[in-house]
Amino acid sequence: MKEKDRRSKNASVTTAKGRGAEARGGGRLDKKRTPFAKSGEFKERAAAHSPAKAAEPRERPPRTQSENEAPARFIPRRTGDKPGERIPLILETSGVSGYHLIDSGAGEKLEQYGPYRIVRPEAQALWPRTLPDSVWENADAIFTGDTDEDGMGRWRFPGSVLGETWPMQLLGTDFHGRFTSFRHVGVFPEQLAHWSWVKDQVEASRRPLKVLNLFGYTGVASLIAAKAGAEVTHVDASKKAIGWARENQALARAEKLPIRWICDDAMKFIQREERRGSRYDIILTDPPKFGRGPNGEVWQLFDHLAAMLDICREILSPEARGLVLTAYSIRASFYSIHELMRETMRGRGGRVESGELIIREGGLDGREPGRALSTSLFSRWVP
């Protein structure tokens, strides 16, 4: 399915962080962060407590299954001990070559992406800004429009008008930054913590590791893993995100690296891999709240996440190095995905590490540690 176009409108079930079809992970939103489209909020309805209503219960009509909805999966009750745990774990991204968070506050964030200073909405930035308004107002690009994560808008350029794309580099990997109508720019820098972990795992292995990147968005994680020596399968439901990822591969001069670029619904793909007996050493998955696959398949995170993780467990190799889940822009505690991961991996040993991904402010030069901006929840199983 589609990645984060995390984060765009043609996002899908297999790709984008928050992310729509052009946004995070690879086209996740119908309108948007990249592969999966964003889902509606779950609302609790207060139950009626009056004796009259209690005496005359109303039967709830059976839920019908959409033709584009994946068939229900029976999830067995796993036996054996639950993995150990390490909580809460805070994974921090601070100033790195090519990116840093300059300042945040008043519902916005000011970031340095390569040569450009960019202002975008950020609901988590509840505090006042540190730097004067003049610094913010003189940014190279400012996103204006809908402040919702998947809302459409446009870019304002206080100085000279900039092109749609520009070259970026993170962890030694070249790719294109891009101004999209859904506020995203083609990369989710908080994921650097996971990407660095994957890179270390691959480089330390005595054999080529097989990596599956679900909701892969624009392919930065896939390129980093492949450059480190992994054999990568990149899945996103957004054709646009896959095209962008291929452009990044060309920019990185990495056409010969072993990467399979697959435009498909994430759930359908991993179900086929399970039937084929395919196995992976590392699985990265960053699903959106709601998304659609290339053929209209529907993804709802709270409905389908447990089944997705159950399948991921089945396609992990006996010598797997890890299963990483990131949850962006959902109303939940990290404990919810932490306990789900521990139940999913019951009997496999190892440890489940869960918490939040944060980005640390670094000031104008990236060297002045400031406040921490929380961006995502995550849960990671390691053997």
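At-a-glance table
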{"read-out": "Estimated FRET transfer efficiency when R0 is 25 angstrom, pair Ile90-Phe302 (beta carbons, to 0.05)", "value": "0.55"}
{"read-out": "Pairwise label distance in nanometres, Glu314 with Ser205, each label 7 Å out on the Cα-Cβ vector", "value": "2.2"}
{"read-out": "For the range 245-262, 3J(HN,Hα) per residue [Karplus equation, 6.51 cos²θ - 1.76 cosθ + 1.60, θ = phi - 60°, Hz, x = Gly/Pro]", "value": "4, 5, 4, 4, 4, 5, 4, 7, 6, 10, 4, 8, 6, x, 10, 9, 9, 10"}
{"read-out": "Estimated vicinal HN-Hα couplings, Hz - the range 287-300 in sequence order (Karplus 6.51, -1.76, 1.60; Gly, Pro = x)", "value": "x, x, 5, 9, x, 10, x, x, 10, x, 4, 9, 10, 10"}
{"read-out": "Interatomic Cα distance distribution for the range 99-161, bins of 10 angstrom, percent", "value": "23, 56, 21, 0"}
{"read-out": "Inter-label distance for Arg154 and Thr130, nm, one decimal - labels placed 7 Å from Cα along Cα-to-Cβ", "value": "3.4"}
{"read-out": "For the range 240-383: relative contact order, % (alpha-carbon pairs under 8 angstrom, 6 or more apart)", "value": "21"}
{"read-out": "Over 20 Å between alpha carbons, listed pairs Lys227/Lys289; Lys210/Lys240; Lys199/Lys227; Lys210/Lys256; Lys109/Lys289", "value": "Lys227/Lys289; Lys210/Lys240; Lys109/Lys289"}
{"read-out": "Rounded FRET efficiency, nearest 0.05, which uses the C-beta distance separating Glu339 from Thr144 and R0 of 41 Å", "value": "0.55"}
{"read-out": "Projected label distance in nm at Ser196 and Ala123, using a 7 Å step from Cα toward the beta-carbon", "value": "2.8"}
{"read-out": "Formal net charge of residues neighbouring Leu212 (Cβ-Cβ distance under 11 Å; K, R +1; D, E -1)", "value": "0"}
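Laboratory data are not the source of any read-out in this text; all were calculated from the coordinates shown. What you see is a predicted model; the values in this text were computed from it and never measured. Ideal geometry is used to build each Cβ from the backbone, glycine not excepted, and the neighbour counts take in all protein chains shown.
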